[in-house]
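Everything below concerns the one structure shown next.
The values are calculated or read from the model by the stated rules, or taken from the named source; none is laboratory data. Predicted model only: the values in this text are computed from it and were never measured. Every residue, glycine as well, gets a Cβ built from its backbone with ideal geometry; the counts of neighbours run over all protein chains shown. Only protein heavy atoms, including side chains, enter the accessible area calculation; ligands, DNA and RNA are left aside. Shrake-Rupley method; radii C 1.70, N 1.55, O 1.52, S 1.80 Å.
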Amino acid sequence: MFKLFYVIFMNLHRAPYMIPRMRNRADHPERYSVEQRYALVHYTIYLMNKTGKITTEAYGLENLPEEGGYIMYPNHQGKYDVCGIMYTHKKPCSFVMDKHKSHTILVREFCDLVQAKRLEKDNPRQGITVITQVAKEVAEGKRYILFPEGGYRFNNKNAVCDFKAGSFKIALKSKVPIVPIALYDSYKVFNSFHIGPITTQVHYLKPITYEEYKDMKTQEIADLVKQRIEEKISEIQSSLK
């Protein structure tokens, strides 16, 4: 939490020109390509990391499919999670997030730059519409980040909560690879009382192809993805002892 206020304070002088620049690119997708808009997101995260003394290390980049769309399912630790993934994921990608949390300054610009989907958690009908839209876009080659835990606990100490089976309906509808992502120490950035330099880790795990999960129920897929993430986190923790 301290780190969040520190990063905001250290970048106040950039706000008068960075936010209008982000807003302009977000509002005019006909002028700026997906790559140009994503590059601005990447640069903004770079500035945040530099001023906040945040280092994010990526592992398993070779596991990312080279062609076509796919869905990344990470564990959820806090506000920095999407930033950590996007900073290490070189190709443009987008995400789904809670609509009520998506309209604060800077978060709104991030969402609009990558045309993220805003989910109304208390509106099942709208949720079905989002699932259909994301499934269609992923099938056409887009890459998305979905958090199957749905939320996160403050200072969660790298714990992984239960995965919601419904978030895997998108994978079954789009028939694309599932890429599990293990986030480590991501919570320390903006969702803990940690002070000082922080190093977070993003581990891209081996994809699960449609052929592997097509005959599974959504709960079985959720359990499989969660198991792989937990195994990686346990492996990291063992290596640090």
For the stretch 66-80, name all the residues that are open to solvent by less than 10 Å² (accessible area, probe 1.4 Å), out of contact with any Asp or Glu (no Cβ under 7 Å at 6 or more places or on another chain) and within 23 Å of Phe193 (Cα to Cα). Gln77, Gly78, Tyr80
Just to be sure I understand, how many residues within the stretch 81-116 are under 13 Å from the mean Cα position of the chain (by Cα) and either of a type in the set (S, T, N, Q) or open to solvent by less than 40 Å² (accessible area, probe 1.4 Å) (or both)? 18
Within the stretch 195-215, work out how many residues are modelled with pLDDT under 95 and either closer than 22 Å to Lys90 by Cβ or open to solvent by 60 Å² or more (accessible area, probe 1.4 Å) (or both). 1
Filtered residues of the stretch 124-142 (kept if open to solvent by less than 40 Å² (accessible area, probe 1.4 Å) and not in a helix (DSSP H, G or I)): Gly141
Any residue in the stretch 102-116 that's part of a loop (DSSP other than H, G, I, E, B): show its pairings with residues that are exposed (fewer than 15 other Cβ atoms within 10 Å of the Cβ) at Cβ separation under 6 Å, as long as the two are six or more apart or on different chains. none
Would you please list the contacts, defined by Cβ atoms under 9 Å and residues six or more apart or on different chains, that run from a residue in the stretch 27-50 that is farther than 26 Å from Met10 by Cα to a residue that is of a type in the set (D, E, K, R) and surrounded by fewer than 17 Cβ atoms within 10 Å (Cβ to Cβ)? Glu35/Lys91
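One line per residue, one yes/no per condition, for (1) of a type outside the set (A, V, I, L, M, F, W, C); (2) outside any helix (DSSP H, G or I):
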site	(1), (2)
Val189	no, no
Thr199	yes, yes
Asp215	yes, yes
Val225	no, no
Lys232	yes, no
Phe168 assigned to a helix (DSSP H, G or I), aromatic (Phe, Trp, Tyr), touching a helix residue (DSSP H, G or I) at 6+ places or on another chain (Cβ under 8 Å) and open to solvent by less than 20 Å² (accessible area, probe 1.4 Å): yes
Please work out if Lys169 is among the basic types (Lys, Arg), over 15 Å from Gln77 (Cβ atoms) and in contact with a Gly (Cβ under 6 Å, 6 or more places away or on another chain). no
Here are some residues: Lys121, Lys157. Which one is among the basic types (Lys, Arg), in contact with an Asp or Glu (Cβ under 7 Å, 6 or more places away or on another chain), surrounded by fewer than 16 Cβ atoms within 10 Å (Cβ to Cβ) and part of a loop (DSSP other than H, G, I, E, B)? Lys121
Go through the residues of the stretch 219-234 one by one and say whether even a single one is of a type in the set (S, T, N, Q), surrounded by 14 or more Cβ atoms within 10 Å (Cβ to Cβ) and under 22 Å from Phe95 (Cα atoms). no
